[in-house]
Amino acid sequence: MYEFFRIMRFLLDNAIFVYTLVMFTFYIVLAIASAFEMIYYLRKNKFVDYDVILRSPLAPSISIIAPAFNEGKTIIDNIRSLISLHYSHFEVIIVNDGSTDGSLEKVIHEFDMEKVDFAYNPVIPTKPVTGIYKSRNKALARLLLIDKLNGGKADSLNAGINVSSKKYFAAIDVDSLIEEDALLKMIKPFVETTGHRVIATGGVVRVANDCTIENGKIVSVNYPKDFIARVQVLEYTRSFLMGRMAWSKLNGLLLISGAFGVFDKEIVIACGGYNRNTVGEDMELIVRMRIHMEDSGQKYSVVYIPDPLCWTEVPSSVKVLGRQRNRWCRGTIDTLVFHKKLFFNRKYGLLGLLSYPYWFFFEWMAPLVETAGILYFIAIALLGDPSWPFFFIMLAYVYLFAVTFSTWSVLFEELSYHRYKKKSDVLKMIGTAFLEPFLYHPMTVWFQLRGNFHYFIGKSGWGKMERKGFSKSQP
Amino acid sequence: MFSEMKNIFYILLLVSLPAYPAKAEKDSIVYHTVKPDETLLKIARKYHVPSYQIIQWNNMKKPYTKLTGLKLIVWKKNDPANGSLTGKTGAATKKTDHLQTDTVYTNALRLVLSQHLKYPVRKISLREKISGFLNSIPPLLYILIIMMFYFILSILVLLVIVIIRRFRLIRHEHKLKQLREKYAGILTAYIYSDFTIDLSVMLKYEMKNKQHREIFMEQMLDLHSNLSGETADSLVALYHKTDLKKYTIQKVLNKNWHIKATGIRELAQMKVVEMNDTLFTYINDKNVVLQIEAELALVKLHADYPLHFLKGMNRRFTDWGQMNVYDTLVFHNLEIPAFKEMLDHKNESVVVFCLRMIALYRQMDAATDLLKTLHHPGEAVREQAINTLKKMEIIEFDHFFKEIYQKETKNNKLLLLSALDQAYEHSNLEFLVNLILNDGDFAIRLEAAKSLFKAGSEGELLLDALEVKADAGLAAVIKHAKDKRINV
């Protein structure tokens, strides 16, 4: 009995230690659950003929909405690859968010477009639309171009939603490379459920750096050359394959990558569309949609597809990475603050009791707790007398956990999709895992600290960052 | 995003036991009166003295409770009992076993660890520090060390697995390829020989091996799907002559869903009809793959009445299921019933399916029944009925368009308007004009304008007249309706 109470007090005294333990346990549990879900999905896929959807007159129709700001260099290729996706009933809506590099004129010229008398109905309020264009070429009938005043990515997506005439829409980053069968795979969850309604599906985002791309298709997958890009391959693999699958199974997924997600348009409009006042609009929308469905009492789910469907260039320079992580951090905080009523709120079930607290403690607070711990240790080391042997054991433990976890994720990828065919690439991935905790991780912690700092000192810097255009969405 | 390295900080657990010297260094004896809720352990920690010392000094006996009010010695300076390396604690106390091992143990550790300390401390504080440390940490430390070994081991094991797997995969593939070619050859020879070759001996022998059996089935199914008519039937006959059917049925009854599903596919292709009842139960299984496979199997097995399975469906007939069934009906060119017979099915999703099929197969004789479905209580059913009427261009519905319109939901209203392809009746034209001018909803106004535009020359004239008098908003709507380039 005495021992029990002593240990309890001891644990409370050491909240940070408990924090770590809980976090590690979570990671391991999520990884195991993800493994099972992955096996289920891969087995299920063997029985599916996606071409049935492709040739079926009963297939649902989708609007692809791609906001574009100053993408002049690549926009023509990107549009071409979008309109040639394998699907039968879809339209491609390009939203030009007041580009200043002449990309509007380029597109109009390239696809022989003319302004049509489309009456714009802002069901969701947006910045004014100056024109809607269609191609004179009948073969490009599925292409639609919206020209509007600059308002940011969320605003552009909302404009696309206003114009869309289909039941579902796919929000994508215009410079992401979408695989041919992506729409077929992403729409299937919506049509195969018997009891509940699927409100959104998300796909995996893969790293396209240094891959060979021809005509908008990935020809061969290579491991990136830059160290920073390499680490991000690991990050994405861990996060997508070992985290999101589990959340999807639990129906607790809070984030669908803005780089590629398909949504039920009716629900999105009922929720009011994307929120223009945040840089994390993708996560914020999903949370709001969930709240809406919970409030209405209908059974629903947000589903995750682990197949590699979307490829994107990740930052390979420290500066760009820093801006990206700073923005993601602020976006996360935005969402957590807007929806703070969810925190341990039983009324919202899993959303309030598990998903939100997890995000709060282990995604937002993690860098803060880590930094606090390091500072505390430094203080003790200077003032008191820490026991160095113990310290080194702990350090080794933590490092090994990180490396092991990354190695597991490499194995996941090996056994499931096996996209990195070269043996040397796999070994390089493991090598990167050994270096990551020293060379990469401190950087991301620093960027997230700055993100917190920027958030709390005020949003004046936020507007300026937005003007620079949309950088990559948080996967 | 994950960032699992946030754990360096918990090392502070070990610095949570600061080493400040015990209060009573200057005095030679210190007493403490026990307060009501104090335990021996608490007192010991407070004075940074090991509990066994207090026990010794005060000649305490087990159990060490009910101390309230007692005046205990908690510190004795230069007591030979304090930190003696030899472990002799004097004759005054009666030693018990646990005290003896405690002393030896802690003394030994003290000796070892004192070498690590930077500044000289009193032996008491060191001992109590270590014992306090050990009392609460050891399980944890051992667990951590064990886990670390596990991590290192798992990394090595993983690497080995990955490398071995790559090699095995290549060899395995080669072997499978040989088997495939072998069986494909045998089957083709069988066919070319006009089914005269006697395969029964080979089959009996080789099919005992599971892998061979699987490859053989795979080749047979593959070949069968590429053939038709008499040749295909003879393969099925071969299948039935052998034991393979038994194995298929085993699969269907296996507890793993993915094996069941494989079995069901074999059943369907090889026309095994004995398992119909089982298939009917699988239709309502919660596993989505089994649902679809069972549905499709029943469709294929009852070529004369393929929609037989709908009778047993207790759940929603999903769109994915409908797509697959329709695809199978078309691909195998199966006989389709008059769908209007099933429009009164109590399962709404089945009614929706029938409505869709009526449109796709253009069963014009279903018109009257269709119009009746416009009054169905289910919104989704009515929605589909309107869609079907639109696709089949049934003009009669023009007559009671208004009547249905009033009672409908907004989405269905929009659908009705878009279905009003040829608003022949003049009253309908007036109705549309009214909507354009007065309805509060933008989408309705637009849809009505489009309908008016499609209604022939009279409609166009009316629309032009409206445009002349329209304000900016309405003019934009009318222009949109008239623009043929927008095929929305």
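No lab work stands behind these numbers, since they all come straight from the coordinates. Predicted model, so just to flag it, every value in this text is computed and none were measured. Counting neighbours? That spans all protein chains shown, and the Cβs are built from the backbone with ideal geometry, glycine included.
The Cα atoms of chain A define a convex hull whose projected area, averaged across directions, is 25.2 nm². Taking Cα atoms, how many degrees apart are the long axis of helix A:281-296 and the longest axis of chain A, rounded to 10 and kept between 0 and 90? Tilt of helix A:281-296: around 90 degrees. Close amide H pairs (under 5 Å, H built 1.01 Å from N) link A:Ile213 with A:Val219, residues at least 5 positions away or on another chain.
Amide H to amide H distances under 5 Å link A:Lys148 with A:Asn96, A:Gly98, A:Thr130, where only residues 5 or more positions off or on other chains count and H is placed in the peptide plane. So for segment B:264-320, what percent of the C-alpha to C-alpha distances run longer than 12 Å? When every Cα pair of segment B:264-320 is considered, 60 percent fall beyond 12 Å.
Divide the volume of the convex hull around the Cα atoms of the protein assembly as shown by the residue count and you get 235 Å³ per residue.
Under 12 Å from a point placed 7 Å out from the Cα of A:Thr74 along the Cα-to-Cβ direction: which residues of segment A:153-184 have their backbone N that close? Flagged as within label range: A:173-178. In straight-distance terms, cross-link reach from B:Lys210 covers every one of the aspartates and glutamates whose alpha-carbon lies under 13 Å from its own, apart from those fewer than eight places away in the same chain; here that gives B:Glu218, B:Asp243. In this label model, B:Thr188 and B:Ser154 are separated by 4.9 nm, measuring between points 7 Å along each Cα→Cβ vector. Between B:Lys204 and A:Leu427, the FRET efficiency estimated from the beta carbon spacing at R0 = 51 angstrom works out to 0.60. Of the residues B:Ile215, B:Ile259, the one with the fewest other Cβ atoms within 10 Å heads the list, and the complete ranking is B:Ile259, B:Ile215. Only aspartates and glutamates eight or more places from A:Lys265 in sequence, or on another chain, were considered; those with a Cα closer than 17 Å are A:Glu91, A:Asp155, A:Glu281, A:Asp282, A:Glu284. Could you work out how far helix A:182-191 tilts from the main Cα principal axis of chain A, as a 0 to 90 degree angle to the nearest 10? Tilt of helix A:182-191: around 80 degrees. Quick one: of A:Lys44/A:Lys319; A:Lys46/B:Lys208; A:Lys115/B:Lys413; A:Lys341/B:Lys410; A:Lys106/B:Lys482; A:Lys299/A:Lys341, which pairs are farther than 31 Å apart, Cα to Cα? In this structure, A:Lys44/A:Lys319; A:Lys341/B:Lys410 exceed 31 Å between Cα atoms. Ranked by how many other Cβ atoms sit within 10 Å of their own Cβ, fewest first, the residues A:Glu284, A:Glu110 fall in the order A:Glu110, A:Glu284. Spin-label model, A:Lys341/A:Leu54: points 7 Å from Cα along the beta carbon direction are separated by 4.6 nm. Within a Cβ distance under 15 Å of A:Ile213, other residues only, what is the Lys/Arg minus Asp/Glu net charge? Net charge around A:Ile213: -2.
Separation of segment A:23-42 from segment A:321-337 is 26 Å, based on Cα centroids. Per-residue mean of foreign Cβ neighbours for A:188-194 is 6 (Cβ atoms of other chains, 10 Å radius).
In plain terms, the residue of B:Lys251, A:Lys134, A:Lys341 with the fewest other Cβ atoms within 10 Å comes first and the most crowded comes last, giving A:Lys341, B:Lys251, A:Lys134. May I ask you to derive the FRET efficiency for B:Ile163 and A:Thr194 from their Cβ-Cβ distance with R0 = 56 Å, giving the value to the nearest 0.05? With a Förster radius of 56 Å, E is 0.80. Indicate the gyration tensor shape class of segment A:33-189 (rounded, prolate or oblate), computed on the Cα atoms with a ≥ b ≥ c the square roots of the eigenvalues: a/c under 1.5 is rounded; otherwise a/b larger than b/c is prolate and the rest oblate. Prolate, since a/c reaches 1.5 and a/b exceeds b/c. The spacing between segment B:348-391 and segment A:170-216, judged by their C-alpha centroids, is 33 Å.
Inter-label distance, A:Leu354 to B:Asn254: 3.0 nm, where each label sits 7 Å from its Cα along the C-beta direction.
Relative to the dominant Cα principal axis of chain A, helix A:365-383 is inclined by about 30°. Computed from the C-beta positions of A:Leu140 and A:Ile269 and an R0 of 25 Å, the FRET efficiency is 0.40 to the nearest 0.05.
A straight chain from B:Thr65 to B:Asn287 at 0.36 nm per residue would run longer than the Cα-Cα distance by 73.7 nm. Highest mean packing comes first when the peptides A:424-433, A:262-271 are listed by Cβ atoms within 10 Å, giving A:262-271, A:424-433.
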